[in-house]
Amino acid sequence: MTTLTKTISKTISKTITTAISKTAATKTPIGQAGAIALVALLAAPMAWSHGSVTPQAVDTKDLERLGDEWREENPYRDHPQHDLAVDIGARAYNSNCAACHGLEAKSGGIAPDLRELENGPWGDEWFKELVTNGAERNGRVLMPRMSDYVSQEALWAIRTWLETVSIETTGQ
Ligand code: HEC
């Protein structure tokens, strides 16, 4: 295992243990099913780090097609389908980004908290930059190039959803 994999696995097992003991101790409505779902979700980065990326298909057929050329700005922000994009984006985020970036975009420490992205065109530019290039340091892939696995429509839908939960929008 690479050091990254080890670090990720360690972080994950710690997070899982804490999450489960918290759930058990406080008998929150999350319950056992929730805890199991959480484990499944948090275990996902191990698959990523092996290079065997298993992206989840996102159903975007009802959203306006965007073509192959990448847009500079989120096309769904001021769009009749804005709300549909938010719905699709929330689901697409859960299946493709939450494993690293955290449930509800609240980072558990593995990757940056995406609620901190700026709303509007400036944040769009950074978002596009990262999802179309991925992130690498010292030859290690920190984030795969997500646009290889997730469609432009789904990625802008994710961005649309992220803006609804951003710190700028919610104030927290
Ligand atoms: C394998 C884990 C992993 C997955 C999966 C992943 N990311 Fe990332 N992402 C990272 C890491 C780690 C960074 C920080 C990279 C760095 O420090 O250079 C990052 C950075 C980012 C950034 C820049 C954040 C900032 O504050 O600068 C954006 C935007 C982003 N990711 C979006 C996404 C989206 C959208 C998805 C899902 C479609 C996704 N990521 C999936 C690990 C991941």
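Throughout, read-outs are computed from the coordinates displayed, never taken from laboratory work. As the structure is a prediction and not an experimental result, all values here were calculated from the model. In this analysis, Cβ positions are derived from the backbone assuming ideal geometry, glycine residues included, and neighbour counts consider all displayed protein chains.
A few notes on this one:
- Remark: relative contact order (region 82-170) = 40 percent; criterion is Cα-Cα distance under 8 angstrom and separation of 6 or more residues.
- Trypsin sites (Lys or Arg not before Pro) lying in DSSP loop within region 71-140, provided at most 15 other Cβ fall within 10 Å: Arg71, Lys106
- P(r) weight above 21 Å for region 82-170, C-alpha pairs, percent: 21
- Loop-located chymotrypsin sites (Phe, Trp or Tyr not before Pro) in region 64-97 (DSSP state not H, G, I, E or B) with no more than 15 neighbouring Cβ atoms inside 10 Å: Trp70.
- Those GluC sites (Glu not before Pro) in region 67-172 that DSSP places in a loop and that have at most 10 other beta carbons within 10 Å: Glu69, Glu72
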